[in-house]
Amino acid sequence: MIGVLLINLGTPDAPDARAVRRYLAEFLSDPRVVEIPPIAWKPILYGLILPTRPRRSAEAYNQIWTNEGSPLRAIAERQAAALRKRFEGRAQIHHAMRYGNPGIAAAIAKMVGQGCTRILAVPLYPQYSAATTATANDAVFAALAAMRAQPALRTLPPYYADAEYIDALSANLVNQLDALDFEPERLLLSFHGMPERTRQLGDPYYDQCQETARLLGAALGRDVDVAFQSRFGRAKWFEPATDETLAAYAKQGVKRIAVAAPGFAADCVETLEELGIRGRQTFIAAGGEKFALLNCLNDSAEGIAMLERLITRELAGWLPQA
C-alpha cells in the first residue's frame with residue numbers, strides 16, 4: 001500500500017501562552033532552525049525568549065484563531081481530505097506537522113500500522129531551506145531509523161520553478177486580483193526571511209525565492225516586488241524587509257497594493273497576522289489607502305490540482321499504470 005504524508009511547519013495546540021511556549025520550545029530547539037551552538041543558545045532560549053515571547057505570540061494567534069482552531073491545521077486537514085478523494089483506491093493521504101501535532105513520527109507509525117510499505121514524504125515548501133524542507137525530511141528519516149522493518153521512502157523535491165506551481169499560483173492570484181474592488185499599483189511577494197548567513201553557507205532558498213518571483217511575474221504579465229518578512233534577532237537577514245517595504249510605499253506615492261505570500265502552502269500566523277493585520281497597519285499608517293492580502297493556495301481548486309499532479313509524478317513506478 002502507498003502512503004503520502006503532507007508536511008507543514010506546525011502550530012500550537014491553543015492560542016495561549018502555555019501552548020505557544022511548548023511549541024516554540026520545540027521549534028527553536030531545532031539546530032536546523034537556529035544554527036547557534038546549544039551551549040550558547042540554550043541560556044538565551046530558556047532564559048530570555050521562552051519566559052517572554054510566548055505571551056506576545058499568543059496574542060498574535062488569538063487574532064487569527066477560528067472556530068476550527070488553528071487556520072494552518074484546519075487548512076492542512078482540508079488539503080488532506082481533498083487529496084484523499086483524488087487518490088481514493090490508489091494511495092492513503094495523511095498530514096503531519098514538523099513541530100506540534102499531529103507529529104511526523106506518529107503519522108508514519110500510523111501509516112505503517114495501516115499497511116503502507118511505500119511512503120512519499122511531501123514537505124509543503126516550494127523553496128528549499130535547511131530550516132524547513134531539510135528538517136522535515138530529517139524527522140521522517142529519524143522515524144524510519146527507529147524501525148526494524150522500514151517502508152520504502154521517497155521525498156518530494158522543491159518545486160519553486162515547477163510549471164505546475166507557477167501556473168497554479170498565477171491562475172489563483174489572477175482570480176483574487178480580479179475580485180478586488182480596486183486596482184493595485186504594486187503586487188508585493190513576501191517570502192519568509194532567513195539570516196543572510198544561511199545563504200553564505202550554501203542554502204539555495206534566497207535564489208529560489210527570486211526565481212519563483214521572476215517566473216510568477218512573467219506568468220502574470222506584470223512587475224512584482226519581492227521582500228522578506230519575520231526578521232528575528234540581531235543577525236543580518238535577507239533584504240529588503242517586508243515591513244520596511246510596506247512603510248516606504250506611501251513615500252513613493254504608492255497608495256494601493258496587494259500582497260501575496262507564495263512561499264507558504266497554507267495561510268498561517270505569518271500571513272494572516274503578520275501581513276494581514278500588522279502589515280496592513282504599517283502601510284495605512286505610512287499613508288497608504290488600499291491594502292489587500294491575497295490568500296495562499298490553501299485548498300483552492302488550483303492548489304489541490306497542483307498537488308495531485310506533483311504527487312502523481314513522484315509516485316511514478318509505484319502507482320499502477322493508467
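Here are a few things to note about the model shown:
- Here region 1-57 is treated with +1 on each Lys and Arg Cβ and -1 on each Asp and Glu Cβ, and its dipole about the Cα centre works out to around 240 debye.
- Counting only DSSP beta bridges with both residues in the chain, the antiparallel share comes to about 5 percent.
- Seen from a random direction on average, the alpha-carbon convex hull of the chain projects onto 17.4 square nanometres.
- Shape summary of region 82-223, radius of gyration then Dmax from alpha carbon positions: 18.4, 59 Å.
- Distance between region 119-138 and region 1-56 - C-alpha centres, whole angstrom: 17
- Legend: Rg and Dmax of region 96-180, from Cα coordinates, 16.2, 55 Å.
- Rounded to the nearest 20, the Cβ-based charge dipole of region 4-149 about its Cα centre (Lys and Arg +1, Asp and Glu -1) stands at 240 debye.
- Over region 192-278, all Cα pairs binned in 10 Å intervals from 0 give whole-percent P(r) values of 15, 45, 36, 4, listed from short to long.
- Within the chain, longest stretch free of exposed GluC sites (Glu not before Pro) [DSSP loop, at most 16 other beta carbons within 10 Å]: 186-288
- Selection among I49, L72, I93 by position relative to the dipole of region 9-94 gives I93 as farthest towards the positive end (Cβ unit charges, Cα centre).
- Rg to Rh, two decimals, where region 255-322 supplies the alpha carbon set and Rh follows Kirkwood: 1.24
- Spatially proximal lysines relative to K110 (Cα-Cα < 24 Å; intrachain offsets below 8 disregarded): K85
- Largest-first ordering by accessible area, 1.4 Å probe, given options F191, F182: F182, F191
- Probe 1.4 Å - accessible area at T52, Å² to nearest ten: 70
- Lys/Arg +1, Asp/Glu -1 at C-beta; the chain dipole; positive extreme among A58, V224, F191: A58
- You can think of it this way: the chain between L48 and R214 has 55.8 nm of extra reach, that is 0.36 nm per residue less the Cα-Cα gap.
- Rg and Dmax [Cα atoms of region 36-86; Å; Rg one decimal, Dmax integer]: 17.2, 48
- Stretch gain in nm, segment L180-A25, where the contour uses 0.36 nm per residue and the Cα spacing is subtracted: 51.8 nm
- Accessible solvent surface per residue of the chain, calculated while the other protein chains remain in place, 1.4 angstrom probe, Å²: 46
- The shape of region 1-53 comes out oblate: with a ≥ b ≥ c from the C-alpha gyration tensor, a/c is at least 1.5 while a/b does not beat b/c.
- Share of alpha-carbon pairs per 5 Å distance bin for region 16-152, given as whole %: 2, 8, 15, 18, 19, 17, 11, 7, 3, 1, 0
- Dipole magnitude of region 208-322 about its Cα centre (Cβ charges: Lys, Arg +1; Asp, Glu -1), debye to nearest 20: 380
The values are calculated or read from the model by the stated rules, or taken from the named source; none is laboratory data. Computed from a predicted model, the values in this text were never measured in an experiment. So basically every Cβ, Gly included, is an ideal-geometry build from the backbone, and we count neighbours across all protein chains shown. In case anyone asks, the SASA skips ligands and DNA or RNA and just uses the protein heavy atoms, side chains included. Shrake-Rupley method; radii C 1.70, N 1.55, O 1.52, S 1.80 Å.
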